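A.B. asks: Input: one structure, supplied below.
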């Protein structure tokens with residue numbers, strides 16, 4: 001995720017937390033959407049995500065008929081402190097591990113109870 005997308009996502013997360021009467025700094029599980037280069041990278045991405053304490057919830061094909069891109073939805077096994085600096089460090093580590101496997105984080109969101 002580039003810096004502009006991170007800022008936009010963080011703004012959306014703050015709105016979600018406010019609407020849910022939760023504060024920044026809450027410990028919550030996280031859902032991520034990972035862009036995979038293609039079918040051949042899925043096995044490596046599954047292993048890397050498991051190594052980083054994620055469970056793959058589903059794999060979807062891209063919306064364009066001729067694309068080889070896949071989208072991997074994964075949920076964290078452990079909660080993350082939802083603070084900007086903490087999330088940025090976490091995204092950096094996650095992206096670094098996924099890069100070598102043919103993937104990158106497209107977006108993320110905390111899993112807020114009841115939403």
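What follows draws every value from the coordinates through simple rules; no lab data is involved. If you're wondering where the values come from, they're calculated on a predicted model, not measured in any experiment. No Cβ is skipped: glycine too gets one built from the backbone with ideal geometry, and neighbour counts run over all protein chains shown.
A.B. asks: For the chain, set up a GNM with springs between Cα atoms under 10 Å and report which of 81, 93, 31 has the largest fluctuation.
C.D. replies: Maximum among the listed residues: 93.
A.B. asks: Which of 22, 42, 98 ends up with the largest GNM mean-square fluctuation for the chain, with Cα atoms connected below 10 Å?
C.D. replies: Between 22, 42, 98, it is 22 that shows the largest mean-square fluctuation.
A.B. asks: While we're here: Compute the distance in nm between two label points, each set 7 Å from the Cα along the Cα-to-Cβ direction, one at residue 10 and one at residue 22.
C.D. replies: Label at residue 10, label at residue 22, 1.8 nm between them.
A.B. asks: Percent of alpha carbon pairs in region 1-100 separated by more than 15 Å?
C.D. replies: Details: 3228 of 4950 pairs.
When every Cα pair of region 1-100 is considered, 65 percent fall beyond 15 Å.
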